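Visitor: What follows is a structure written as structure tokens; I'll ask about it next.
The values are calculated or read from the model by the stated rules, or taken from the named source; none is laboratory data. Everything numeric in this text was worked out from a predicted model, so none of it was measured. As a convention, Cβ positions derive from the backbone with ideal geometry for all residues, glycine included, and neighbour counts pool all protein chains shown. For the accessible areas, the whole protein counts, side chains as well, though only heavy atoms, and no ligand, DNA or RNA atoms are used. Shrake-Rupley method; radii C 1.70, N 1.55, O 1.52, S 1.80 Å.
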Amino acid sequence: ILDFQEFTNNNRLDEILSLNGVAKFYELENWIFTLLKEIPGFEVQYNEQRSGKEYDFIVWNSNESEELKGLGNPIPIEVKASKYVENNLIHSLISKASSQGFKSFILITTANLTEGNKKLIRDLKAHSGIAILVVDKEDLRSINSSKDLIKALIKSFRKFFIY
């Protein structure tokens, strides 16, 4: 049984979505950081300097969940406040993760995935061996705490990689 702190953020998605430009990105990133650092077994590295950083977060994972153990260590996380997920972004994330030796990648976005995005993620996993977990707008709507975020990650793993 995982031990989560009773930290609740009262779903901030609508508040974040009402923002414009860079403010939307910063608030989404800060919300996700707050949730990630409360997950048992996650050690989150966050570089607040924007210039030259590779990923929004790097997570060292010692969580006991079977799905999460299979993601390897460390796990890069990219946070995107956008309306759409372009297939070229998915290709870019896979390419970058592959060249750096990661087994997986997590994308957290305010966009909704299309069926084409989902198919591409499955196909790229089959060809590259790298798993992309995606927490999209639909998933973010149900996140109020770190426990909800971990459930969303496990759900994403099962949705894309357990048929």
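Visitor: Give me the pairs, please: first residue somewhere in the range 93-111 and closer than 20 Å to L17 by Cβ and at pLDDT 90 or above, second residue anywhere and open to solvent by 10 Å² or more (accessible area, probe 1.4 Å) and β-branched (V, I, T), beta-carbon distance under 8 Å, and either six or more positions apart or on two chains.
Guide: Pairs found: L107/V85; T109/V85; A111/V85.
Visitor: Consider L89 carefully, then state whether it is at pLDDT below 90 and either closer than 14 Å to I121 by Cβ or under 14 Å from the mean Cα position of the chain (by Cα) (or both).
Guide: Judged against the criteria, L89 is not a match.
Visitor: Let me ask something else. Please specify each residue of the range 132-147 satisfying the condition of being out of contact with any helix residue (DSSP H, G or I) (no Cβ under 8 Å at 6 or more places or on another chain) and more than 20 Å from S82 (Cβ to Cβ). First the steps, then the outcome.
Guide: We begin by selecting, within the range 132-147, every residue out of contact with any helix residue (DSSP H, G or I) (no Cβ under 8 Å at 6 or more places or on another chain); these are 136, 138, 144, 147.
Within the range 132-147, N144, K147 meet the criteria.
Visitor: Can you tell me which residues in the range 122-134 are closer than 18 Å to P74 by Cβ and either touching a residue at least 40 places away in the same chain (Cβ under 8 Å) or hydrophobic (A, V, I, L, M, F, W, C) (or both)?
Guide: Scanning the range 122-134 gives I130, A131, I132, L133.
Visitor: Which of the residues spanning the range 14-41 are modelled with pLDDT under 90 and surrounded by 13 or more Cβ atoms within 10 Å (Cβ to Cβ)?
Guide: P40, G41
Visitor: Right, something else. Mind telling me which of the residues E138, E115 ends up being more than 23 Å from A97 (Cα to Cα) and among the charged types (D, E, K, R)? Outline the logic, then answer.
Guide: Working: E115 fails: more than 23 Å from A97 (Cα to Cα).
So the residue among E138, E115 that is more than 23 Å from A97 (Cα to Cα) and among the charged types (D, E, K, R) is E138.
Visitor: Let me ask something else. If you scan the range 128-162, which residues turn out to be under 19 Å from G70 (Cβ atoms) and of a type in the set (V, I, T)?
Guide: I130, I132, V134, V135, I150, I154, I162, listed by residue number.
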